[in-house]
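Here's the structure we're looking at; comments come further down.
Read-outs: derived from the displayed coordinates by stated rules, not from any lab. On a predicted model such as this, the values are computed, not experimentally measured, just so you know. All Cβ positions, even for glycine, are placed from backbone atoms using ideal geometry, and neighbour counts span all protein chains on display.
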Amino acid sequence: MNLLIMGLPGAGKGTQAETIVRDYGVLHVSTGDMFRAAMANGTEMGKLAKSFIDKGELVPDEVTNGIVKDRLGEDDIRAHGVLLDGYPRTIEQAQALDAMLVDLGMKLDAVINIDVDPSVLVGRISGRFICKKCGATYNKPNKMPKVADTCDVCGSHEFFQRDDDKPETVANRIEINTKQSAPILAHYREAGLVHDVDGMHSIEETTREIKGILDAI
């Protein structure tokens with residue numbers, strides 16, 4: 001099963017991605033993961049990406065697309081399937097993904113779009129905090145640690161809030177992401193792949209809705 005998960009910042013993509021990976025055995029692959037692996041392994045595309053990053057320049061689409069194609073062609077993804085997260089970010093990347101999947105003899109089975117009213121997201125995101133030690137993410141009031149001030153994953157008591165999660169920057173992020181995602185969603189709607197999920201519900205209800213969609217594929 002090959003999937004793409006989409007949603008505005010704060011919609012709950014990360015939480016739902018963890019559940020999808022656990023329940024369906026697909027590999028969760030984000031753009032950052034692919035870049036770090038390609039550069040660490042010294043692949044041709046990884047070296048190209050590093051050359052731009054080291055100069056403080058944006059990595060061109062053709063390099064990003066090349067890194068994605070290399071990763072999608074690896075044996076573990078062919079064996080287990082993939083959950084793409086954070087790619088594609090533009091309509092051009094979506095079109096490139098279509099082409100590379102054809103080249104690799106693969107297909108995209110579904111696009112899970114977690115839909116949340118943007119006005120709700122400001123409160124959600126500004127309530128998000130992260131474990132300083134392991135990076136586990138929590139959110140006031142919906143996803144608090146089971147034991148107060150103690151990370152569920154590693155037991156640390158130190159947390160922080162990212163600068164771009166602060167209220168003054170959230171509205172701008174949401175506006176930019178809405179504009180970026182609109183043509184990508186339109187592209188996949190035309191292909192009949194988009195499944196809108198109501199992210200206004202509880203985490204458990206959203207999970208059940210996604211499970212119903214994936215079990216029917």
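Remarks
- Estimated FRET transfer efficiency (D103, S51; beta-carbon r; R0 22 Å; 0.05): 0.30
- Descending semi-axes in whole angstrom, ellipsoid equivalent of region 108-217, from the Cα gyration tensor: 29, 19, 12
- With a Förster radius of 25 Å applied to the beta-carbon distance between H201 and E92, the computed FRET efficiency rounds to 0.15.
- Calculated from backbone phi, Karplus (6.51, -1.76, 1.60) coupling profile of region 52-65 in Hz, x at Gly/Pro: 6, 4, 5, 8, x, 9, 5, 6, x, 4, 5, 6, 4, 4
- Structure-based [θ]222 nm, the chain - -39500 (n - 2.57) summed over DSSP H runs of at least 4, per residue, nearest 500: -16000 deg cm²/dmol
- Listed by chain and number, the aspartates and glutamates whose alpha-carbon sits under 20 Å from that of K50, ignoring those within fewer than 8 places in the same chain, are D33, D61, E62, D70.
- Distance from the alpha carbon centroid of region 21-35 to that of region 36-115 works out to 12 angstrom.
- Gyration tensor (alpha-carbon) shape descriptor, region 31-77, a/c threshold 1.5: prolate
- Prolate/oblate/rounded call for region 1-113, Cα gyration tensor, a/c under 1.5 rounded: prolate
- Global geometry of region 121-166, whether rounded, prolate or oblate, following the gyration tensor of its Cα atoms and the 1.5 cut on a/c: oblate
- Ranked packing of 160-167, 88-95, 111-118, most packed first, by mean Cβ within 10 Å: 111-118, 88-95, 160-167
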